[in-house]
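Down below is the structure, laid out as structure tokens.
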Amino acid sequence: MAALTILNYPDPRLHKVAKPILKVDDEIRQLVKDMAETMYAAPGIGLAATQVDRHIQLIVIDTSKEQNDLLVLVNPNIIAKSGEQEHEEGCLSVPGVYETVTRAEAITVEALDQHGKKFKLNADGLLAVCIQHEMDHLQGKVFVEYLSPLKRNRIKTKMIKHQREIERNSY
């Protein structure tokens with residue numbers, strides 16, 4: 001397994017729309033393992049393939065404290081939503097930034113697992129927030145796009161400055 005490189009906002013590749021996965025095979029299962037390792041090492045609770053520059057509909061999530069309950073969603077589709085909740089969100093592609101976002105309180109999602117088997121999941125609370133956040137990535141949307149233009153521009157400037165510092169220190 002290899003840790004993957006996570007794209008940082010405002011990298012334009014984060015705005016690519018992911019394509020459906022036509023076949024869940026060993027290559028996809030290996031990507032699941034690599035993404036899970038990357039997510040756990042970051043550390044984070046969710047990672048979309050888009051964030052590691054793979055533009056396919058694949059998400060890994062683990063909201064457990066023990067990091068032992070990996071949820072894999074291939075070609076996820078939200079089929080029902082209800083309620084509304086505000087939750088402070090962060091993102092591995094926007095390190096160090098946490099902002100409150102309003103999302104559905106409860107969702108039902110259909111997807112394939114890492115073996116290509118179809119399943120349906122009802123989620124609420126943090127898991128519902130996480131699924132919606134990661135599915136946004138598959139649509140080319142980063143959570144900061146829910147914020148006001150002023151906040152978004154401040155975050156963008158901060159991230160560009162942070163990236164320049166990293167590049168300067170790597171030489």
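The values are calculated or read from the model by the stated rules, or taken from the named source; none is laboratory data. Everything quoted here is computed from the prediction, not taken from an experiment. A quick note on method: Cβ atoms are made from the backbone with ideal geometry, for glycine too, and the neighbour counts reach across all protein chains shown.
Key figures
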| item | result |
| --- | --- |
| Residue identified as of a type outside the set (Gly, Ala, Ser) and modelled with pLDDT under 95 among Lys120, Lys65, Lys81, Lys33 | Lys65 |
| Residues of segment 111-165 classified as under 27 Å from Lys81 (Cα atoms) and basic (Lys, Arg), total | 5 |
| Members of segment 100-114 that are touching a Lys or Arg at 6+ places or on another chain (Cβ under 9 Å), of a type in the set (D, E, K, R) and not in a strand (DSSP E or B) | Glu105 |
| Residues of segment 58-70 that turn out to be more than 16 Å from Glu27 (Cα to Cα) and either free of Cβ contacts under 8 Å to residues at least 40 places away in the same chain or under 11 Å from the mean Cα position of the chain (by Cα) (or both), as a count | 9 |
| Selected residue (criterion: surrounded by the most Cβ atoms within 10 Å (Cβ to Cβ)) from residues of segment 39-57 that are part of a helix (DSSP H, G or I) and in contact (Cβ under 8 Å) with a residue 40 or more places away in the chain | Gln51 |
| Meets criteria (touching a strand residue (DSSP E or B) at 6+ places or on another chain (Cβ under 6 Å), of a type outside the set (D, E, K, R) and closer than 18 Å to Leu92 by Cβ) for Gln132 | yes |
| Pairs, first closer than 13 Å to Asp136 by Cβ in segment 94-110, second basic (Lys, Arg) and surrounded by 15 or more Cβ atoms within 10 Å (Cβ to Cβ), C-beta under 9 Å, six or more apart | Arg103/Lys81; Ala104/Lys81; Ile107/Lys81 |
| Residue count for segment 142-155, restricted to those that are under 14 Å from the mean Cα position of the chain (by Cα), assigned to a helix (DSSP H, G or I) and in contact (Cβ under 8 Å) with a residue 60 or more places away in the chain | 1 |
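The rows are residues; the columns are (1) surrounded by fewer than 14 Cβ atoms within 10 Å (Cβ to Cβ); (2) under 20 Å from the mean Cα position of the chain (by Cα); (3) under 21 Å from Val74 (Cβ atoms).
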| residue | (1), (2), (3) |
| --- | --- |
| Phe119 | yes, yes, yes |
| Gly125 | yes, yes, no |
| Val129 | no, yes, yes |
| Gln132 | no, yes, yes |
| His137 | no, yes, yes |
| Gly140 | no, yes, yes |
| Thr157 | yes, no, no |
| Tyr171 | yes, no, no |
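Per-residue answers, yes or no, for (1) closer than 20 Å to Val129 by Cβ; (2) hydrophobic (A, V, I, L, M, F, W, C); (3) touching a Phe, Trp or Tyr at 6+ places or on another chain (Cβ under 7 Å); (4) not in a strand (DSSP E or B):
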position	(1), (2), (3), (4)
Glu27	no, no, no, yes
Glu37	no, no, no, yes
Lys65	yes, no, no, yes
Asn68	no, no, no, yes
Asn75	no, no, no, no
Ala80	yes, yes, no, no
Glu86	yes, no, no, no
Glu89	yes, no, yes, no
Tyr98	yes, no, no, no
